[in-house]
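The values are calculated or read from the model by the stated rules, or taken from the named source; none is laboratory data. Keep in mind the model is a prediction, meaning the values are calculated, not measured. All Cβ positions, even for glycine, are placed from backbone atoms using ideal geometry, and neighbour counts span all protein chains on display.
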Amino acid sequence: MKKILIIGPAWVGDMVMAQSLFKLLKVRQPDSQLHVAAPPWTLPLLSRMPEVSETTALPFVHGQLNLKGRYQLGKKMREAQFEQALVLPNSFKSALIPWWANIPQRTGWSRELRFLLMNDVRHLDEKAYPLMVQRYLALGLSPQEKLPLDFAYPELMSTLETQATALKKLNLTQLSTPVLALCPGAEFGPSKRWPEHYYAEVARTKLAQGWQVWLFGSAKDKVVTERIMELTGKACLDLAGRTSLDQAIDFLALANAVVSNDSGLMHVAAALKKPLVAIYGSTSPDFTPPLAKQVSILKLDLPCQPCFKRECPLKHHQCMLDLQPTRVLKALEELST
């Protein structure tokens with residue numbers, strides 16, 4: 001029984017995509033135990049991945065080095081006697097814990113002088129592995145192996161029982177009409193956000209067709225969802241800041257369709273196999289697309305795209321403003337046929 005420690009990514013969407021690696025490892029070594037160490041806000045995702053045997057919350061502030069804390073955690077992990085560590089983030093500090101844990105095989109991409117800490121260092125060919133998920137998968141193979149042509153997409157668990165519990169916590173009843181989930185926020189920054197009045201137009205159209213519309217997001221997205229509520233006469237259900245990530249997974253699992261910016265919730269919706277319209281502006285689906293079959297990716301092809309900036313450097317945000325609600329409504333219709 002091989003015990004593998006995986007240092008997981010910090011972003012919600014990246015952690016969802018990492019499940020494809022977990023699935024690959026379990027197919028190749030069914031008896032292996034996967035132990036994932038990651039920031040605490042990602043642990044609800046891991047609890048919905050049956051491939052993961054155990055988790056550890058990394059008690060470090062984002063960007064914090066905290067050598068003493070990492071040394072103490074690495075020393076404590078020696079007791080588990082892991083045979084291999086896979087380090088998914090590219091930072092130097094993310095490789096410290098496996099090194100201090102004395103794990104015999106420490107695998108990761110060559111970045112930030114990490115050859116000092118890892119003894120199975122891979123040199124990334126970005127053209128060979130254009131997708132982030134491919135770069136994760138490659139770490140689960142030997143250096144000489146080629147990626148499989150097909151790989152398992154992420155698939156988060158959500159049961160009728162957990163969905164009923166989520167509804168009960170917010171005093172909501174079982175559903176009698178279809179639900180459209182809107183995810184209008186983006187942790188990365190405003191450049192990834194489709195305009196609120198466009199979301200409101202989509203919401204009004206679906207409400208007129210007899211749908212419910214639920215708004216998703218964190219407390220940071222409350223300003224955005226409140227604006228959509230104003231523009232729709234408060235006819236939507238605003239869940240932003242009212243749910244844990246665990247609950248958000250179950251509420252998204254109840255949706256009949258999802259419209260989302262490029263965000264963590266977009267990847268969650270894809271992993272729940274929801275019909276999904278994914279809207280891209282400053283970022284690109286060429287690196288981190290939603291990994292699902294029932295997806296419509298909408299983006300323009302402006303000369304300034306993708307810029308990967310948190311705010312539009314040209315101050316016009318045309319990559320989002322020129323992408324009209326009619327395109328999203330048409331994509332929703334096509335997904336439902």
Exercise. So which residues in region 76-89 are more than 25 Å from the chain's Cα centre (by Cα) and either part of a strand (DSSP E or B) or closer than 24 Å to residue 145 by Cα (or both)?
Worked result: 82, 83
Problem set entry | Answer residue from region 58-83, given it is surrounded by fewer than 13 Cβ atoms within 10 Å (Cβ to Cβ) and among the aliphatic types (A, V, I, L, M) and is modelled with the highest pLDDT among those | 67
For this session: Determine whether residue 18 is in contact (Cβ under 8 Å) with a residue 60 or more places away in the chain, of a type outside the set (S, T, N, Q), under 24 Å from residue 100 (Cβ atoms) and surrounded by fewer than 21 Cβ atoms within 10 Å (Cβ to Cβ).
Result: no
Problem set entry | residue 120, sole failed condition from (1) touching a strand residue (DSSP E or B) at 6+ places or on another chain (Cβ under 6 Å); (2) among the charged types (D, E, K, R); (3) within 29 Å of residue 248 (Cβ to Cβ) | (3)
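When the residues of region 206-228 are filtered to those that are more than 30 Å from residue 307 (Cβ to Cβ) and either surrounded by 20 or more Cβ atoms within 10 Å (Cβ to Cβ) or polar (S, T, N, Q) (or both), which remaining residue is farthest from the chain's Cα centre (by Cα)? Break it down into steps so the answer makes sense when it comes.
Taking region 206-228 and keeping what is more than 30 Å from residue 307 (Cβ to Cβ), we get 206-214.
Still in the running and either surrounded by 20 or more Cβ atoms within 10 Å (Cβ to Cβ) or polar (S, T, N, Q) (or both): 206, 209, 212-214.
On the way: 206: 26, 209: 30, 212: 25, 213: 22, 214: 19 Å.
By that ranking, first place goes to 209.
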For this session: Show the residue pairs that are 6+ apart or on different chains and have beta-carbon atoms under 6 Å apart, the first residue being within region 36-53 and buried (at least 19 other Cβ atoms within 10 Å of the Cβ), the second being in a loop (DSSP other than H, G, I, E, B) and not aliphatic (A, V, I, L, M).
Result: 36/8; 38/8
Exercise. Only one residue in 157, 132, 118 is outside the structural domain of residue 285 (by TED's automatic domain parsing), under 22 Å from residue 272 (Cα atoms) and in contact with a Lys or Arg (Cβ under 6 Å, 6 or more places away or on another chain), so which one is that?
Worked result: 157
Exercise. If the Cβ limit is 8 Å and pairs must be 6+ apart or interchain, which residue in region 90-115 that is in the same structural domain as residue 58 (by TED's automatic domain parsing) and assigned to a helix (DSSP H, G or I) pairs with which residue that is of a type in the set (Lys, Arg) and surrounded by 16 or more Cβ atoms within 10 Å (Cβ to Cβ)?
Worked result: 93/70; 95/106; 95/114; 96/70; 97/70; 98/106; 99/106; 100/70
